[in-house]
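Visitor: First the structure, then my questions, so here it is.
The values are calculated or read from the model by the stated rules, or taken from the named source; none is laboratory data. Treat the numbers as computed from the prediction; the structure is a model and nothing was measured. Cβ placement follows ideal geometry from the backbone for every residue including glycine, while neighbour counts extend to all protein chains displayed. Calculation scope for accessible area: heavy atoms of the full protein, side chains included, ligands and nucleic acids excluded. Shrake-Rupley method; radii C 1.70, N 1.55, O 1.52, S 1.80 Å.
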Amino acid sequence: MADPLTLIRVTDTETTGITDPKELVEIGWTDVRLFPTGWAIESGPHARLVNPGMPITPGARAAHHITDEEAASGMTPDHARALISPGPDYICCHNLAYDAPLLRTGKPGICTFKCAKEVYPDLESHKNGAIWYALGLGGGAKQMEPVHRAGPDSWTTAHILLDLLRVLTVEKMIEISANPLRLLKIDFGEHAGKRFSEIPWDYLDWIVNKSNMPSDPKREDVVHTARLELVRRAESPTEAKIAKPHAADPGDPDAWRKQMETF
């Protein structure tokens with residue numbers, strides 16, 4: 001369990017683009033601390049402009065509306081990173097896989113997107129603002145505006161984190177964040193569109209133990225979710241494990257690829 005006064009720095013970034021090479025354009029953070037009375041926001045939102053030393057792509061500018069001229073007045077990326085790293089016990093981002101390489105804090109990380117997918121799988125959307133409104137986390141707070149800016153987005157993520165902390169420990173969130181994303185539905189094959197809980201046991205077993213998907217990095221989320229579903233069923237002996245033949249030939253290591261080509 002987290003110790004009293006543990007600090008989680010909820011951080012968001014705006015960048016020059018979504019593909020490498022990319023760099024910070026703005027950095028924002030909101031601090032969440034474990035007080036004797038429980039988890040609460042300690043300060044924020046804070047934000048600083050960053051001079052990336054490279055042009056901002058039109059697509060990125062369309063999201064955050066920061067111009068090259070505005071960014072040129074900001075601090076260096078390393079200076080911005082130095083604002084984030086000292087102090088917190090943990091770092092938290094809504095998309096940790098995207099933000100962590102830019103932040104380079106070396107701190108254990110929490111991904112609220114992955115954790116929200118785990119705790120609230122049936123939400124229409126797991127985007128930052130969509131979760132805020134779906135869970136009724138505070139209405140249209142002014143601290144959320146403007147959207148797609150680092151400070152306000154860190155504030156929104158901080159409230160999602162506080163809600164998740166009601167049901168998950170910090171340690172469990174770190175575990176979830178380090179694992180592949182848990183999917184709700186499968187997107188290929190004869191069971192495309194079905195929830196993993198609806199897929200026959202033998203098909204899940206094929207994904208995990210008989211296909212070549214475990215060696216394909218692009219399918220790690222599928223394999224992870226199928227494995228979790230098998231464990232869930234194994235721990236629920238009253239649940240029927242109905243074997244249903246599937247179209248793919250388990251002896252063909254590329255069978256799943258062939259199925260995907262038909263969709």
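Visitor: Restricting attention to segment 206-219, does a residue exist that is in contact with a helix residue (DSSP H, G or I) (Cβ under 7 Å, 6 or more places away or on another chain), in a loop (DSSP other than H, G, I, E, B) and in contact (Cβ under 8 Å) with a residue 24 or more places away in the chain?
Guide: Yes, segment 206-219 contains a residue that is in contact with a helix residue (DSSP H, G or I) (Cβ under 7 Å, 6 or more places away or on another chain), in a loop (DSSP other than H, G, I, E, B) and in contact (Cβ under 8 Å) with a residue 24 or more places away in the chain.
Visitor: I need the full set of residues from segment 85-97 which are without any contact (Cβ under 8 Å) to a residue 40 or more places away in the chain and either assigned to a helix (DSSP H, G or I) or surrounded by 21 or more Cβ atoms within 10 Å (Cβ to Cβ) (or both), in order please.
Guide: Scanning segment 85-97 gives a single hit, Ala97.
Visitor: Related question: Starting from residues that are charged (D, E, K, R), crowded, with 17+ Cβ neighbours inside 10 Å and touching a strand residue (DSSP E or B) at 6+ places or on another chain (Cβ under 6 Å), keep the ones in segment 4-42 and report whichever is nearest to Ser154 (Cα to Cα).
Guide: Within segment 4-42, the match that is nearest to Ser154 (Cα to Cα) is Asp12.
Visitor: If you check Cys111 against the conditions, is it in contact (Cβ under 8 Å) with a residue 12 or more places away in the chain and farther than 23 Å from Phe196 by Cα?
Guide: When the stated conditions are applied, Cys111 does not pass them.
Visitor: Additional query: Go through (1) within 19 Å of His46 (Cβ to Cβ); (2) touching a helix residue (DSSP H, G or I) at 6+ places or on another chain (Cβ under 7 Å); (3) surrounded by fewer than 17 Cβ atoms within 10 Å (Cβ to Cβ) for Ala82 and report which single condition fails.
Guide: (2)
Visitor: Let me ask another. Would it be correct to say that Ile91 is under 20 Å from Arg149 (Cβ atoms) and at pLDDT below 95?
Guide: no
Visitor: Suppose the filter is surrounded by 17 or more Cβ atoms within 10 Å (Cβ to Cβ), more than 30 Å from Val167 (Cβ to Cβ) and not β-branched (Val, Ile, Thr); does Leu102 pass it?
Guide: no
Visitor: Additional query: Determine whether segment 66-79 contains at least one residue that is in contact (Cβ under 8 Å) with a residue 40 or more places away in the chain and within 21 Å of the chain's Cα centre (by Cα).
Guide: Within segment 66-79, none of the residues are in contact (Cβ under 8 Å) with a residue 40 or more places away in the chain and within 21 Å of the chain's Cα centre (by Cα).
Visitor: Among the residues of segment 165-174, is any of a type in the set (A, V, I, L, M, F, W, C), modelled with pLDDT of 90 or more, over 18 Å from the mean Cα position of the chain (by Cα) and open to solvent by less than 70 Å² (accessible area, probe 1.4 Å)?
Guide: Within segment 165-174, not a single residue is of a type in the set (A, V, I, L, M, F, W, C), modelled with pLDDT of 90 or more, over 18 Å from the mean Cα position of the chain (by Cα) and open to solvent by less than 70 Å² (accessible area, probe 1.4 Å).
Visitor: Among the numbered criteria (1) in contact with a strand residue (DSSP E or B) (Cβ under 9 Å, 6 or more places away or on another chain); (2) open to solvent by less than 60 Å² (accessible area, probe 1.4 Å), which one does Tyr120 miss?
Guide: Going through (1) in contact with a strand residue (DSSP E or B) (Cβ under 9 Å, 6 or more places away or on another chain); (2) open to solvent by less than 60 Å² (accessible area, probe 1.4 Å) one by one, Tyr120 breaks only (1).
Visitor: What is the residue count in segment 147-177 for residues that are of a type in the set (A, V, I, L, M, F, W, C), in a helix (DSSP H, G or I) and either without any contact (Cβ under 8 Å) to a residue 12 or more places away in the chain or closer than 25 Å to Ala60 by Cα (or both)?
Guide: Number satisfying all stated conditions: 4.
Visitor: Look through segment 191-215, keep the residues that are surrounded by fewer than 16 Cβ atoms within 10 Å (Cβ to Cβ) and in contact with a Phe, Trp or Tyr (Cβ under 9 Å, 6 or more places away or on another chain), and return whichever of them is nearest to Asp122 (Cα to Cα).
Guide: Filtering segment 191-215 for residues that are surrounded by fewer than 16 Cβ atoms within 10 Å (Cβ to Cβ) and in contact with a Phe, Trp or Tyr (Cβ under 9 Å, 6 or more places away or on another chain), the one nearest to Asp122 (Cα to Cα) comes out as Ala192.
Visitor: Would you mind finding the one in Lys107, Lys117 that is modelled with pLDDT under 95 and either assigned to a helix (DSSP H, G or I) or closer than 18 Å to Ile176 by Cβ (or both)?
Guide: Residue meeting the stated conditions: Lys117.
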